[in-house]
Amino acid sequence: MQIELSKKEFRRLLDLVYIGNWILNSARGDDRIPDYDNLESKLFALCRNTPMNSLVELWNGIPVPSQAFAEGGIHEAIADYEDTVFFDILAEELARRDMEYAPVTSENYAELVSRMEDYITEFEAHGAENISVDTE
């Protein structure tokens, strides 16, 4: 198979591959999924000896995204995603708790969404500032 990409499209593909591999493998410790690491290495290796050479470096002889790539803003995008997902999940969990974990049905779905929206509004205004845990 061959795919033709412009330089800009290839650069965006590198971002997507890095983000995908980060999500799939970054929290797995020694239990990484090698297929994703290998594909990432294969694609980043294509940057060698090109104007994109600064995006790749060798680690133990394996092409990997360079420090310059990793520090070039990609982790800010990942962090923005993680913050959004965190607050969305937290809002849903708190709303479900408020509803005593009743199964979601067509009858209570609007209530769940309304409660979630209230929490999201709070999080957007104050982040985690007003979250507290009773330690009784």
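FYI, it's all coordinate maths here, none of it is from the lab. The model shown is predicted, which means the values in this text are computed figures rather than measured ones. Virtual Cβ from ideal backbone geometry, glycine too; neighbours counted across all protein chains shown.
Quick look at the numbers
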{"item": "Of the trypsin sites (Lys or Arg not before Pro) in the range 1-106, those whose Cβ has at most 10 other Cβ within 10 Å and which sit in DSSP loop", "result": "R28"}
{"item": "Binned Cα-Cα distances of the chain, short to long, each 10 Å bin given as a whole percent", "result": "10, 29, 22, 19, 16, 4, 0"}
{"item": "Rounded tilt (10° steps) of 7-25 against the dominant C-alpha axis of the chain", "result": "60"}
{"item": "Compactness of the range 78-126 - radius of gyration and Dmax, Cα, Å", "result": "11.5, 36"}
{"item": "Rounded Å value of the spacing that divides the Cα centres of the range 92-136 and the range 72-90", "result": "20"}
{"item": "Distance in nm between pseudo-label sites at I74 and R97 (7 Å out along the Cβ direction from Cα)", "result": "3.6"}
{"item": "Helix-only [θ]222 nm of the chain, DSSP H runs n ≥ 4, -39500 (n - 2.57) each, per residue, nearest 500", "result": "-18000 deg cm²/dmol"}
{"item": "Rh by Kirkwood over Cα pairs, then Stokes-Einstein D for the range 36-105 at 0.692 mPa s and 37 °C, µm²/s", "result": "218"}
{"item": "Compactness of the range 7-65, expressed as Rg and Dmax over alpha-carbon positions, Å", "result": "11.5, 34"}
{"item": "³J(HN,Hα) computed for each position of the range 68-78 - Karplus, 6.51 cos²θ - 1.76 cosθ + 1.60, integer Hz, glycine/proline x", "result": "4, 5, 4, 8, x, x, 5, 6, 5, 5, 5"}
{"item": "Derived scalar couplings ³J(HN,Hα) [the range 33-46; Karplus, 6.51 cos²θ - 1.76 cosθ + 1.60; whole Hz; x for Gly, Pro]", "result": "8, x, 4, 6, 4, 5, 5, 4, 4, 4, 6, 5, 4, 5"}
{"item": "Built amide H within the under 5 Å cut-off of E57, gap 5+", "result": "V64, S66"}
{"item": "Local electrostatic count at P51 - Lys and Arg +1, Asp and Glu -1, tallied over other residues with Cβ under 13 Å", "result": "+4"}
{"item": "Chymotrypsin sites (Phe, Trp or Tyr not before Pro) lying in DSSP loop within the range 100-136, provided at most 10 other Cβ fall within 10 Å", "result": "Y101"}
{"item": "Value of relative contact order over the chain, rounded to a whole percent, pairs C-alpha under 8 Å and six or more apart", "result": "14"}
